[in-house]
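Peer 1: Mind having a look at this structure? Questions to follow.
Every number here is computed from the coordinates shown, using simple stated rules; none is lab data. These numbers were taken from a predicted model, which means no experiment stands behind them. Cβ placement follows ideal geometry from the backbone for every residue including glycine, while neighbour counts extend to all protein chains displayed.
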Amino acid sequence: MMDDFKNQKCLHKRYAFQIVLQTREMLQALPSLVDINVPEGKHFTVCGDVHGQFYDLLNIFELNGLPSEGNPYLFNGDFVDRGSFSLEIILTLFAFKCMCPSGIYLSRGNHESKSMNKIYGFEGEVRSKLSETFVELFAEVFCCLPLAHVINGKVFVVHGGLFSVDGVKLSDIRAINRFCEPPEEGLMCELLWSDPQPFPGRGPSKRGVGLSFGKDVTQRFLQDNNLDLVVRSHEVKDEGYEIEHDGKLITVFSAPNYCDQMGNKGAFIRF
């Protein structure tokens, strides 16, 4: 399938249906916050936004191996939109999920939503490569994606960032009913949309949704939940990643030369 995609061939609707429906079933059964256990001596890879850049996804697999039980990945949201091959990316990631559930984990990003897919290309791409039915189906499956992951009880991985209030516990995130389009405010919205800022405290978001949060907010959240590190994506970085908040927060972004014009590198994190 990946070879066909590489040569810009399309997958028959029947197989696309099977992949998407089976993935929906698997994702529905997951909690909103998924715990991942990486055994002693094993490794685990976290990728940031890939945004429809299928050839860059292939490059990640070339460099770091295909997803498998012994080589597990977490893709941290924003699989689709902007790039021209969002459908190829989502079908590839979903197919790996069906084939090897513990070899790949998927998190919701702010672009896994109807309103974003309408504006930034995924909806039109699905309509032209598959059909109108699939537009609805993908929207439904995106609502089943978990909102965050915790690796070995120590690393909190989320697409956007932290919250407008202190004292949020992992149990609060587990309790979110995520099966909906992302709201304009509240915990689910902030998980998908927030960004770190270099100074303490909280401020308005440059995006108009979510907020900016400082290192004191990160520190308190980690302390309250007995965690060591926040890993998030959501922002393009020149080097593909940036370490902030006294080393307690890492942004990772996996779409190099984003939108064919940013000239940035792409990165992934290997724990």
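Peer 1: Using a simple spin-label model with points 7 Å from Cα along the Cα→Cβ vector, what separation in nm is obtained for residue 37 and residue 171?
Peer 2: 2.1
Peer 1: Here's something else I'd like to know. Comparing 69, 112, 181, which has the greatest mean-square fluctuation in the GNM of the chain with Cα pairs linked when under 10 Å apart?
Peer 2: Ranking 69, 112, 181 by mean-square fluctuation puts 69 first.
Peer 1: If you average 1/r over all unlike Cα pairs in the chain and invert the result, what Kirkwood radius do you get in angstrom?
Peer 2: Result for the chain, one decimal place: 18.5 Å.
Peer 1: Working only with C-alpha atoms, what are the Rg and Dmax values of region 49-132, expressed in angstrom?
Peer 2: 12.7, 38
Peer 1: Given the options 163, 142, 134, which has the most mean-square fluctuation in a GNM of the chain, springs set between C-alpha atoms less than 10 angstrom apart?
Peer 2: Among 163, 142, 134, the largest mean-square fluctuation in the Gaussian network model of the chain belongs to 134.
Peer 1: Continuing with this model, one more query. Where does each of 146-158, 220-232 land if you order them by average Cβ count within 10 Å, highest first?
Peer 2: Per-residue Cβ counts within 10 Å, averaged per peptide and sorted highest first, yield 146-158, 220-232.
Peer 1: Further question: In the neighborhood of residue 241, defined by Cβ-to-Cβ distances under 11 Å, what is the net charge if each Lys or Arg adds +1 and each Asp or Glu adds -1?
Peer 2: Local charge sum for residue 241: -2.
Peer 1: Would you mind getting me the FRET efficiency between residue 260 and residue 223? Use the beta-carbon distance for r and R0 = 41 Å, nearest 0.05.
Peer 2: Using R0 = 41 Å, I get an efficiency of 0.50.
Peer 1: All other residues with a Cβ under 15 Å from the Cβ of residue 204 taken together, and with Lys, Arg as +1 and Asp, Glu as -1, what is their net charge?
Peer 2: Combined, the nearby Lys, Arg, Asp and Glu give -1.
Peer 1: Continuing with the same structure: In whole Å, what are the extents of region 46-88 along the principal axes defined by its C-alpha atoms, from largest to smallest?
Peer 2: Result, largest extent first: 31, 18, 14 Å.
Peer 1: Expressed in nm², what is the orientationally averaged projection area of the convex hull enclosing the Cα positions of region 120-189?
Peer 2: 6.1
Peer 1: Let me ask something else about it. For region 1-147, place one equal point scatterer on every Cα, skip the solvent, and apply the Debye formula. What is log10 of I(q)/I(0) at q = 0.20 Å⁻¹?
Peer 2: -1.34
Peer 1: Picking from 96, 79, 253, which is most flexible by a Gaussian network model of the chain using Cα springs under 10 Å?
Peer 2: Looking only at 96, 79, 253, the largest GNM fluctuation is found for 96.
Peer 1: Could you work out how far apart the two model spin labels at residue 25 and residue 66 are, taking each label as a point 7 Å from the Cα in the direction of the beta carbon, and quote it in nm?
Peer 2: 2.2
Peer 1: Can I ask one more? Lysines near residue 114 by alpha-carbon distance under 23 Å, same-chain residues fewer than 8 away left out - which ones?
Peer 2: Straight-line reach from residue 114, under 23 Å: 13, 97, 129, 206.
Peer 1: Hey, which lysines would be in cross-link range of residue 154, C-alpha to C-alpha under 23 Å, not counting anything within fewer than 8 residues on its own chain?
Peer 2: 42, 169, 215, 248
Peer 1: Determine the sum of side-chain charges near residue 37: Lys and Arg each +1, Asp and Glu each -1, restricted to other residues whose C-beta is under 13 angstrom from that of residue 37.
Peer 2: Neighbour charge sum, excluding residue 37 itself: -1.
Peer 1: Can you give me the relative contact order of the chain as a percent, contacts being Cα pairs under 8 Å and 6 or more apart?
Peer 2: 20
Peer 1: Looking at region 124-271, I'd like the Rg to Rh ratio, where Rg is from alpha-carbon atoms and Rh is Kirkwood's inverse mean 1/r.
Peer 2: Radius of gyration over Kirkwood radius for region 124-271 works out to 0.99.
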